[in-house]
Amino acid sequence: MLKENYNKVAQITLFFWLQKIVATTLGETLGDYVSMTLQLGYAVAIAITFIFFIGILTVQLYARKHIPLLYWGVIVGTTTLGTELSDFMDRTLNFGYAIGSLVLLICLLVTLLFWYKKYDNLEVFPIKQKAKETYYWIAILFSNSLGTAFGDFLSDNLGLHYLYGAALTGAIILLVVGLHYFTKINQIVLFWIAFVFTRPFGATFGDFLTKPIAKGGLALGTLPSSLVAVLFLLLLLYFSKPSSNKKQHSKT
């Protein structure tokens, strides 16, 4: 039987957070493309994105090493499905974004609680056990869904322009960065806070690409915006590759 002694997830670096932001932008525009541009409705869109997510997640779980393109494909799957879940809870189930955010927060906390009770830690790197990686991806799915709902709460419930929402979430992210470097607050707690808030922050770039010019956007449409986000994500993966290759060569 093959021992699970290989890391499967990305290391937390500056490139990680840049890729996370772009991946959330892609999840926002791609989710809107499936549900709104194609006019499939939220239930059908959720079914499509769920099948994609389960498919690529299965490949990720059974992969024998960390494959950046595959890993970030799963992240995009969680952001896309998170967009659909948040909209479904608000517009189909009529929960509203405030209650939806609370429900998703509870789901995230329960997932982290079960994770901690099983492994006595919440370390997000390295992750080598398949079961632990499953907790990891469930927590990421709920955190991205929560970030979507919270971002929509800022714009729909509080009436904040998407640029003001970006400024607010960006300020929270900068605060988390400061707490990371200058305090002894638990780093895992800070990681999940940053992970949640990079979701609405990245989504604002999706709004910038798709919103009408009269509202301060570029009016590119959901499909061209998704392609732009894919290009940026691939560029970030390319430029982050040399450092990882150097580490691998140094070990051989």
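The values are calculated or read from the model by the stated rules, or taken from the named source; none is laboratory data. Since the structure is predicted, the reported quantities are computational estimates derived from the model, not experimental observations. Positions of Cβ are generated from backbone atoms using ideal geometry, with glycine treated the same way; all protein chains shown enter the neighbour counts.
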What are the residue pairs meeting all of these: first residue in region 213-238, first residue without any contact (Cβ under 8 Å) to a residue 40 or more places away in the chain, second residue of a type in the set (G, A, S) and part of a loop (DSSP other than H, G, I, E, B), Cβ atoms under 7 Å, and 6 or more apart or on different chains?
-> I213/A219
Name, by its number, the condition in (1) touching a helix residue (DSSP H, G or I) at 6+ places or on another chain (Cβ under 7 Å); (2) in contact (Cβ under 8 Å) with a residue 40 or more places away in the chain that does not hold for I48.
-> (2)
Being closer than 26 Å to K211 by Cα and not in a helix (DSSP H, G or I) is the filter; apply it to region 34-74 and report the residue that is modelled with the lowest pLDDT.
-> G41
So which residues in region 192-210 are among the basic types (K, R) and modelled with pLDDT of 90 or more, if there are any at all?
-> none
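More than 20 Å from F232 (Cβ to Cβ), within 18 Å of the chain's Cα centre (by Cα) and among the hydrophobic types (A, V, I, L, M, F, W, C), is that true of F95?
Numbers: more than 20 Å from F232 (Cβ to Cβ): yes; within 18 Å of the chain's Cα centre (by Cα): no; among the hydrophobic types (A, V, I, L, M, F, W, C): yes.
No; evaluated as a whole, the condition is false for this residue.
Within region 124-141, which residues are polar (S, T, N, Q) and either within 17 Å of I75 (Cβ to Cβ) or at pLDDT 95 or above (or both)? Please lay out each step first, then the result.
At the first step, the residues of region 124-141 found to be polar (S, T, N, Q) are 129, 134.
Once the filter is applied, which keeps residues that are polar (S, T, N, Q) and either within 17 Å of I75 (Cβ to Cβ) or at pLDDT 95 or above (or both), region 124-141 yields only T134.
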Among the residues listed as N121, N144, N94, N157, the single one being of a type in the set (S, T, N, Q), in contact with a Lys or Arg (Cβ under 6 Å, 6 or more places away or on another chain) and either surrounded by fewer than 20 Cβ atoms within 10 Å (Cβ to Cβ) or at pLDDT 85 or above (or both) = N144
Residue among L233, L227 that alone is part of a helix (DSSP H, G or I), of a type outside the set (D, E), under 18 Å from the mean Cα position of the chain (by Cα) and surrounded by fewer than 18 Cβ atoms within 10 Å (Cβ to Cβ) | L227
Do any helices (runs of 4 or more DSSP H) entirely within region 92-189 hold 3 or more residues that are free of Cβ contacts under 8 Å to residues at least 24 places away in the same chain and out of contact with any strand residue (DSSP E or B) (no Cβ under 7 Å at 6 or more places or on another chain), and if so, which?
-> 96-119, 162-182
So T37 clears everything in (1) in contact (Cβ under 8 Å) with a residue 60 or more places away in the chain; (2) over 21 Å from S240 (Cβ atoms); (3) touching a Phe, Trp or Tyr at 6+ places or on another chain (Cβ under 8 Å) except one condition, right? Which one?
-> (3)
